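Reading through the structure tokens given below for one structure.
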Amino acid sequence: MRKELDRVRNIGILAHVDAGKTTTTERILFATGATYKQGEVHDGTTVTDFDAQERDRGITIFAAAVSVEWDGHRVNLIDTPGHVDFADEVERSLRVLDGAVAVFDGVAGVEPQSESVWRQADRYGVPRIAFVNKLDRAGADFAAAVASIRDRLGVTPIAIQAPIGAESGFAGMADLTADPGASLVEQVAELHSGALEEYVETGTLTPASLRKALRELTLSGAAVVVLGGSAYRNKGIEELLDAVVAYLPSPLDKPPVTDAPLAALVFKVQAAATGRLTFLRMYSGTLRKGTEVYEPGAGETERVSRILQVQADRHTDVPEAVAGDIVAIVGLKHARVGETLCDPRHPVVLEPPSTATPVVSVA
Ligand code: GDP
């Protein structure tokens, strides 16, 4: 599972309650082949019956972080609570995201709660793509949803797909980037100088330079790529995964937070049968099984007995984790959410950022 960092995507799915975050996540797990495997080993217990597997899957969907594979990339789906009442928790998890998929309801478009989560993601400088879900529902309107993204969120949406059919006749999405039409090309050229140059010279854009420009616009926040589908009918999910890989950043696209030997941020602590799971995002250095980590907040040093990568259908023991990784340590007693884990010989504290880039102070 070791991947080059440019092939890692640490993303969250941001959504208004009921917009379809759970269904979309489930379909992503299914599309990536992570579910419905028989006889896998779950932390030492082989799953033999379907009920147990279903139960595990249900739990996994709500796990703090799940790793899946898509097109040679590792996509870490980091759970972000959707409800505005959990604003603190939303903020904590937003810190560890490199990018996000904002899911909107194709009937309601941008709703007040999606707006507030969107603003929080703005504060943390999290690049986003948008997925307009439920296009199979009566009253769903892709174009209206795209317009509501522009009007309510004050960003420039760029629809890179067009719906085929509508409401109960909704059959899927057509990709507009493979053979880009004039309106998409003009929209992108207007926002991106490199694309404008090519457009002026050749009268169009190749699909490759269109996608490159879209990626750069997404990373800078100058535009938001919009896709659509129906998670319920399993339409548009593979295209969404393609877009995650194509347009959302890798950990390398973010400026390094610290050059400390080891610095990781705890973003979630969960009880599990295996013991307390401490989920963390690695910012620098290497975390090795069997070594000790220092928790400056608690003033404690603890041994790392197990490091897990949580996948949809199993937990995999890994010997180490490096910058950019999302993993869980089993059995730490003291680490709390928001805490830094570091090398006992090189204490460092990752401070909660009030702006896009976390700052570092040496303890
Ligand atoms: P969450 O609250 O954002 O996690 O939303 P869920 O995934 O639980 O979905 C809320 C409801 O909308 C459920 O009843 C889903 O079955 C339904 N739903 C989700 N996606 C779609 C879709 O694409 N089309 C339709 N018609 N219903 C959907």
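Looking only at residues that are in a helix (DSSP H, G or I) and surrounded by fewer than 20 Cβ atoms within 10 Å (Cβ to Cβ) in the range 213-230, which one is nearest to the chain's Cα centre (by Cα)?
Initial filter on the range 213-230 (in a helix (DSSP H, G or I)): 213-220.
When the remaining residues are screened for being surrounded by fewer than 20 Cβ atoms within 10 Å (Cβ to Cβ), the result is 215-216, 219-220.
Numbers: Arg215: 15, Glu216: 17, Leu219: 14, Ser220: 17 Å.
Filtering first and then ranking leaves Leu219.
Sort out which residues of the range 214-234 are small (Gly, Ala, Ser) and away from the ligand (no atom under 13 Å from the Cβ), and write them in order of number. Show your work before the answer.
Looking only at the range 214-234, we keep the residues that are small (Gly, Ala, Ser), and these are 220-223, 228-231.
Scanning the range 214-234 gives Ser220, Gly221, Ala222, Ala223.
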(request) Inspect the range 252-259 for any residue being free of Cβ contacts under 8 Å to residues at least 60 places away in the same chain, among the hydroxyl-bearing types (Ser, Thr, Tyr) and over 27 Å from Asp105 (Cα atoms) and give the result as yes or no. (result) no
(request) Select from the range 289-323 the residues that are under 17 Å from Leu265 (Cβ atoms) and of a type in the set (Gly, Ala, Ser) and list them in ascending order. (result) Gly297, Ala298, Ala321, Ala323
(message) Being touching an Asp or Glu at 6+ places or on another chain (Cβ under 9 Å), within 16 Å of Asp325 (Cα to Cα) and not hydrophobic (A, V, I, L, M, F, W, C): is that true of Arg233 here?
(response) no
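Does Arg233 meet the test of being charged (D, E, K, R) and part of a helix (DSSP H, G or I)? Before you say what the answer is, go through the steps one by one.
Details: charged (D, E, K, R): yes; part of a helix (DSSP H, G or I): no.
The answer is no for Arg233.
Among the residues of the range 192-211, what is the count of those that are among the β-branched types (Val, Ile, Thr) and not in a loop (DSSP other than H, G, I, E, B)?
Going residue by residue through the range 192-211, those that are among the β-branched types (Val, Ile, Thr) are 200, 202, 204, 206.
Restricting the remaining residues to those that are not in a loop (DSSP other than H, G, I, E, B) gives 200, 202.
Residues that pass the stated criteria total 2.
Is one or more of the residues making up the range 74-91 modelled with pLDDT of 85 or more, within 29 Å of Ser168 (Cα to Cα) and not acidic (Asp, Glu)?
Step one: list which residues in the range 74-91 are modelled with pLDDT of 85 or more, which gives 74-78.
Cutting the leftovers down to within 29 Å of Ser168 (Cα to Cα) gives us none.
Among the residues of the range 74-91, not one is modelled with pLDDT of 85 or more, within 29 Å of Ser168 (Cα to Cα) and not acidic (Asp, Glu), which makes the answer no.
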(request) Using the structure shown, decide if Pro112 is away from the ligand (no atom under 14 Å from the Cβ) and at pLDDT 90 or above. (result) no
(request) Could you identify the single residue in Ala260, Ala272 that is at pLDDT below 95 and in contact with a Cys (Cβ under 8 Å, 6 or more places away or on another chain)? (result) Ala260
(request) Would you tally the residues in the range 247-268 being surrounded by fewer than 22 Cβ atoms within 10 Å (Cβ to Cβ), of a type in the set (A, V, I, L, M) and in contact with an Asp or Glu (Cβ under 9 Å, 6 or more places away or on another chain)? (result) 2
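So how many residues does the range 145-169 have that are within 16 Å of the ligand (Cβ to nearest atom) and either in contact (Cβ under 8 Å) with a residue 24 or more places away in the chain or assigned to a strand (DSSP E or B) (or both)?
If we filter the range 145-169 for residues that are within 16 Å of the ligand (Cβ to nearest atom), which is where we start, we get 145, 161, 163-169.
If we keep only those that are either in contact (Cβ under 8 Å) with a residue 24 or more places away in the chain or assigned to a strand (DSSP E or B) (or both) as well, we get 145, 161, 163-164, 166-168.
Final tally of qualifying residues: 7.
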(message) Please verify whether Ala189 is open to solvent by 60 Å² or more (accessible area, probe 1.4 Å) and either outside any loop (DSSP other than H, G, I, E, B) or at pLDDT below 95 (or both), treating the condition exactly as stated.
(response) no
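Kindly state which strands (runs of 3 or more DSSP E) lie completely within the range 270-346 and contain at least 3 residues that are more than 24 Å from Thr25 (Cα to Cα). Lay out the reasoning, then the answer.
Values: elements: 277-284, 286-288, 292-295, 300-303, 306-310, 315-317, 320-322, 326-330, 340-342.
So the answer is 286-288, 292-295, 300-303, 320-322, 340-342.
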(request) Just give me the residues in the range 104-142 being open to solvent by 40 Å² or more (accessible area, probe 1.4 Å) and among the charged types (D, E, K, R), in sequence order. (result) Glu115, Arg119, Asp122, Arg123, Lys134, Arg137, Asp141
(request) Please find, within the range 129-144, the residue that is nearest to the ligand (Cβ to nearest atom) out of those that are farther than 20 Å from Val188 by Cβ and not charged (D, E, K, R). (result) Asn133
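The values are calculated or read from the model by the stated rules, or taken from the named source; none is laboratory data. None of these values were measured; they are calculated from a predicted model. Using ideal geometry, Cβ is built from the backbone for each residue, glycine included, and neighbour counts are taken over all protein chains shown. Ligands, DNA and RNA are excluded from the accessible area calculation, which covers all protein heavy atoms including side chains. Shrake-Rupley method; radii C 1.70, N 1.55, O 1.52, S 1.80 Å.
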